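First the structure, in the form of structure tokens, and then the observations on it.
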Amino acid sequence: MKYTDLTGIKPKKKCCRSKPRCKRCPLVLHKVHKAELTGVRGKALEKVFKRARKS
């Protein structure tokens with residue numbers, strides 16, 4: 001998934017807490033959005049996305 005796609009995803013209403021977390025999980029998208037606000041871009045943002053899904 002490209003980092004440009006990560007910014008436009010709408011989160012689900014409730015987290016299912018499965019492992020790995022789904023791509024639309026509110027927690028995952030919150031962590032990606034937070035990283036984006038701190039200035040993370042490109043491949044580094046994709047790494048944040050992958051790491052957030054593992055947690």
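Bear in mind that the values in this text are calculations on the coordinates, not laboratory data. Here the structure is a predicted model, which is why all the values come from computation and not from measurement. Note that each Cβ is placed from the backbone with ideal geometry, even for glycine, and that neighbours are counted across all protein chains shown.
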Review point. In degrees, nearest 10, range 0 to 90: what is the angle between the Cα axis of helix 43-54 and the longest Cα principal axis of the chain?
Key: 20 degrees
Point to revise | Chain lengthening between Lys2 and Lys14 when straightened (0.36 nm per residue, less Cα-Cα) | key: 1.9 nm
Review point. From the phi of every residue in region 12-26, what ³J(HN,Hα) in whole Hz does the Karplus formula 6.51 cos²θ - 1.76 cosθ + 1.60 yield, where θ is phi - 60° and glycine or proline is x?
Key: 6, 5, 9, 7, 8, 6, 7, 10, x, 5, 5, 5, 9, 4, x
**Study point:** Inter-label distance, nm, simple model (7 Å from Cα along the C-beta direction), Thr38/Lys54
**Key:** 1.6 nm
